[in-house]
Structures are given as structure tokens and as C-alpha cells.
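Throughout, read-outs are computed from the coordinates displayed, never taken from laboratory work. These figures come from a predicted structure and were not determined experimentally. Here the Cβ positions follow ideal geometry from the backbone for every residue, glycine too, while neighbour counts run over all protein chains shown.
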Amino acid sequence: MKKLGEHAIVIGASMSGLLAARVLSDFYTTVTVLERDAFPAADTARKGVPQGRHTHGLLARGSEVLEELFPGYNDEVIRQSGGLVGDVANDVTWVGRNVALAKGRSELIGLVASRPVLEGHLRRRLLKLPNVRAVEHCSVRGLESDAARECVTGVRLRAGSGTEETIDADLVVDATGRGSSSATWLEALGYALPDSEKVEIGIGYTSRTYRRRPTDLDGKLGVVVVGSAPNWRNGALLAQEGDSWIVSTGGFLGDEAPDDDQGFLAYLATLPTMQIHDVVASAEPLSEYRRYRYVCNLRRRYEKLTRFPGNYLVVGDALCSFNPVYGQGMTVAALEALTLQACLQRGGPDELARRFFRAAAKIVDIPWDIAVGNDLRHPQVEGARPPMLRFINWYIGKLHLAAMHDSALTTAFLKVVNLMSPPPSLLSPAIAWRVWRVNARTASSFFSSASNGPSDDACKGRLGQAGGHANGKPFAE
Ligand SMILES: Cc1cc2nc3c(=O)[nH]c(=O)nc-3n(C[C@H](O)[C@H](O)[C@H](O)COP(=O)(O)OP(=O)(O)OC[C@H]3O[C@@H](n4cnc5c(N)ncnc54)[C@H](O)[C@@H]3O)c2cc1C
């Protein structure tokens, strides 16, 4: 592999930083990862990654890319830490638009383990590379530049001892998460602030871990509920290492689940499937309740700036952070790492930032549209709803109704959600025909019995496969 420089610095040793460092190690003589936290001795949550105490799963595409960058990664998480892999379309129940999608075998293989385990394995693999080192207890405070302020020449940091230092680098990558200070650091060097797109959703997460029994969910790996009217509450129950479950639930705009046993169960009972409630009701708790408030989808449009240092990049949540309910963040970080690799392979360090931000924007467009497009179905979430978005949301609703009966549609939908296929694949004639056929059949059976009132089946079918509903009736949006 060609060498493009002597030294690259990555700020932040979480998922996106570790992945970027792996790619840079092929192109720079030395890569240094600077992290504010200490690395935990065991794979436990740490201060700089508070979301690490909440439900995380790695989508099929993310699992594939991690395997490509760190061959054997998935197997290590399973064998050494007790993570699990499963067929996303067959081993997990997906509930959206208040219906459970039909299960069926697919080639979508996802990885479930706690967030600290996923990160711990990645960090250990990265630090085995001879030209990569990590410095803990090291907080980056700003950037150094050349006299003309055209180029970043390094970072200013405060080390654990309290001393202030400067480290030089040919390339600096910001992977410090959604609280990134890049815009401010660059403004101090005379650069314009990037446009920020924000969609406020105020999603509350209340999470807890429980002992997992082999009989729970008949041995399946989880349930994911994406909220819809009338209560818009989300829920996820995912298996993880140590024969345990992690459960997270919460709603939009402050509709948080209580963190006491009775209130938490009552909240879970309002989801359109009782599966999560029923597991939790009889499971042994293994942790306290933990809370997290996710304020907004946030995208920083660096690709639109006309002036930017060519050797400074921003990746991961620092570039764009999405409603976590869709589980996309780590997979997007992995895809951005591949994009960085392609940019480095195809060109030198000149104008790297411009090329990277343009390419990364195309990666981010899809998960952003999936997350924000779905969030905008909530009537109180503010944002533009052009006719195309309304059509897509209407069509995805029809697709869900059809996918209750057709596992091929479940797989097609989950391929998009898992970032394996582009969203337009759902509008292909073959898929659109299946959506129309099932909806037409359901509508005609509904109308043929309508003179006697809607049949039980017409209602029950929507949630029967999800294990029933607390109220025994489907919702309409
Ligand atoms: C509740 C919740 C649930 C989620 N569930 C999923 C899921 O199921 N699947 C999924 O793929 N994604 C999920 N995500 C998203 C996922 O956690 C992130 O997208 C992913 O961790 C990538 O983040 P990152 O590495 O860019 O930043 P972060 O994980 O936020 O890490 C930033 C790092 O930078 C360090 N740092 C910050 N400032 C400095 C500084 N000045 N100097 C040095 N170091 C610094 C921090 O200590 C930290 O280590 C979820 C997110 C949340 C909030």
C-alpha cells in the first residue's frame, strides 16, 4: 500500500475513531489515537460513551465491514465474549406501523453484544497493529495550523498529568462524537461554521439488563419495536453476552418510561406487542435502570463549505448522528471508514477533505433519510414533509401491512434498514407488485365481510404474529 504521510492523528477511540485508525494504518507510517477516557480493563461502559449502557446491535452491513477490516472480528466477539450472531429477518421480531413483520430466512446476519464488548474487541485488534498507538487520558483542546491557515499541522491537548502539549501530524481526524468541537476549533482558525441540520425528537431511553433464559422468545435473539401512532413508543429487547437481555424503551418528545418496576412494565405493556413485557415481567434484573436523552438528529454539512483545510476530516457521530432507534450509527461509521479507504487509494492527501466529505455525504444521505423520514411521521416533530416523503411513508406503511404475510417483503425491507440495499429497491416492480397484491387481497377480504362489521381476523392479523397486543386491537395512524 502506498504511504501518504508520516503521522495521522485520530481524536476519539470509540467506534468511528478505531475504524478510521485501522484504515489510516495502511497509508501513514504511524497512527496515534488520542482518547480523553481511560480504557476500561474489562469491557464495561465508560464516561465518554454514555450510550454504551443502552441497547446496541450491529446491523448486517456493519458486521460485514468490520469483518473485512478486522478478519475474524465477529467470531472473536462470539467465542471470547459470548456475543451472538443471528438472521436479522428470522431471529428478531420487527414491529413497525403496529404490525409484526413475517419471519423468514435471509442472508442478513447481524451481531449482538453490548456496546463496550463491540468496542473492546475492536480496540484490542487495532492496537495489535505495529504502527498504531493509543494515548488515554488525553483531551484535545484545539488545532494547530500553518501560518497561512490553509493546513492543520497538529493538535493541542491536555494530558492526564495536566500538562499542555502539541503533537504534529500530516492528517487529523475528528471522531469525538456528536459533541464534537471541530466547528469551534476551525472557526478559531478563520473557517466558516458548517450548516447544521437538526430534527428535534427528544427520544428518552430507559434501559435495564436481565438474565436471559433459554426458553425466552423460544430462543430467538430479540424484538425491535419502532413507534407509531397512537403512542409512538419504541422498544428493543436484544440478547447479549453473559446470557443476558438488554431492554430499552422510550418515546418521542419527553415521553419517557418510568424507572421503577411497576411503571416500567406498565410502559412496556403499551407497546404493540407484549413480547418484551412478558420476558421482562418474569426475568431476573441484572442492573439498575439507566436513562439517556437523545435530543435531535444532527447532521453537520462540511461538504458544503467552500474553504476547508485539506488534511482535516470529521467522521462518525461528529459528522452525523441519527435517532438510535434504527441502530445505524456504528454501521455508518464502518461505511465511512471504507469511504476513507477508497479516497486514500484513489488519490493522494491533496484535497482529501473535499473528496472525503463529498463521498461521505452520499453514505450519510440514506440512513439520514431513513431515520428523519420516519421520525417526521410523528405529527409533533418539526420539519418539512414534501409530497415525496409523504408518498414514501404511505408506501412503507402498505409494505408493512403486506410484510405481515410475506417474509420476502420483510427481507427486502430489512435489507434497506441494514444498509445492504438502497431504498429505491423497495419500489422495484417485483416488490411493488407483492405489496399491491397482498394489500388488495386483504382489502377485498375486509370489504367482503364489512357488512357484518370488520372480522376478528382483519384486526388480529396485524398483531397476532407479534404475540398479541395489550389492548387486543390494531392501531390506525
Ligand atoms: C442510546 C443509543 C443507542 C444506540 N444504539 C445503536 C445501535 O443499536 N446500533 C448502532 O449501530 N448504533 C447505535 N447507536 C449509535 C452509536 O453509539 C454511535 O453511532 C457509535 O458509537 C459511533 O460513535 P462515534 O465513535 O462517532 O462517537 P462516540 O461513540 O460518541 O465516541 C466519541 C469518543 O471521543 C472521545 N472524545 C470526545 N471528545 C474528546 C476530546 N476532546 N479529546 C479526546 N477524546 C475525546 C470520547 O471519550 C469517546 O471515546 C446508539 C446511540 C445511542 C445514543
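Estimated at 0.36 nm per residue, the fully extended path between Q380 and K47 surpasses their Cα-Cα distance by 116.7 nm. Using alpha carbons only, how many degrees (0 to 90, rounded to 10) separate the axis of helix 407-417 from the longest principal axis of the chain? Between the helix axis and the principal axis of the chain, the angle is about 30 degrees.
For M404, the amide hydrogen comes within under 5 Å of the amide hydrogens of A102, counting only partners 5 or more places away or on other chains and with H modelled in the peptide plane.
Summary of the geometry: the stretch 371-449 and the stretch 162-212, compared by the centres of their Cα atoms, lie 34 Å apart. Global size of the stretch 326-368: 10.9, 35 Å for Rg and Dmax (C-alpha atoms, Rg to one decimal, Dmax whole).
If R₀ is 35 angstrom, what is the calculated FRET efficiency for the pair Q262 and L127, using the beta carbon separation as r and rounding to 0.05? E between Q262 and L127, to the nearest 0.05, is 0.20. With R₀ fixed at 45 Å, the C-beta to C-beta distance from D146 to A430 puts the FRET efficiency at about 0.20.
Equivalent ellipsoid of the chain: semi-axes from √(5λ) of the C-alpha gyration tensor, largest first, are 41, 24, 20 Å. Using a simple spin-label model with pseudo-atoms 7 Å out from Cα toward Cβ, D26 and F391 lie 4.0 nm apart. Between E284 and D369, the contour length at 0.36 nm per residue exceeds the alpha carbon distance by 26.8 nm. Taking other C-beta atoms within 10 angstrom as a stand-in for reagent exposure, R385, R115 fall in the order R385, R115, fewest first.
Summarising the strand pairing of the chain, around 70 percent of its internal DSSP beta bridges are antiparallel.
Counting lysine pairs in the chain whose alpha carbons fall under 22 angstrom apart, excluding pairs fewer than 8 residues apart on the same chain, gives 16. Given their separation in residues at 0.36 nm each and the Cα-Cα distance between them, R301 and E67 gain 81.3 nm when the chain is fully extended. Kirkwood analysis of the Cα pair distances in the stretch 77-155 returns a hydrodynamic radius of 17.2 Å. Phi angles across the stretch 364-375 convert, under the Karplus curve 6.51 cos²θ - 1.76 cosθ + 1.60 with θ = phi - 60°, into 3J(HN,Hα) values of 6, 3, 5, x, 5, 5, 4, 5, 5, x, 6, 4 Hz, Gly and Pro given as x. Taking label positions 7 Å along the Cα-Cβ direction at both A269 and D255, the computed distance is 1.8 nm, reported to one decimal. A simple rule links phi to the HN-Hα coupling: the Karplus curve 6.51 cos²θ - 1.76 cosθ + 1.60 with θ = phi - 60°, which for the stretch 2-8 gives 5, 8, 9, x, 7, 9, 10 Hz, with x for Gly and Pro. A cut-off of 5 Å between modelled amide H atoms, ignoring neighbours fewer than 5 places along the same chain, links V135 with V33, L34, E35.
I'd like the FRET efficiency for E351 and N439, computed as 1/(1 + (r/R0)^6) with the beta carbon distance as r and R0 of 35 Å, rounded to 0.05. Walk me through the numbers on the way to the answer.
Values: r = 49 Å, r/R0 = 1.41.
FRET efficiency, E351 to N439: 0.10.
For the stretch 199-317, compute Rg over Rh where Rg is the Cα radius of gyration and Rh is the Kirkwood radius from the inverse mean 1/r over Cα pairs. Please report the intermediate quantities before stating the final value.
Numbers: Rg = 18.0 Å, Rh = 16.0 Å.
Here Rg/Rh amounts to 1.12.
Here the Karplus relation 6.51 cos²θ - 1.76 cosθ + 1.60, evaluated at θ = phi - 60°, turns the backbone of the stretch 290-295 into coupling constants of 10, 10, 8, 10, 9, 6 Hz, with x for every Gly and Pro. When you count the other C-beta atoms within 10 angstrom of each residue and take the mean per peptide, 228-235, 68-75, 331-338 line up highest first as 331-338, 228-235, 68-75. Among the trypsin sites (Lys or Arg not before Pro) within the stretch 33-108, those in coil by DSSP and having at most 13 neighbouring Cβ atoms inside 10 Å are K47, R105.
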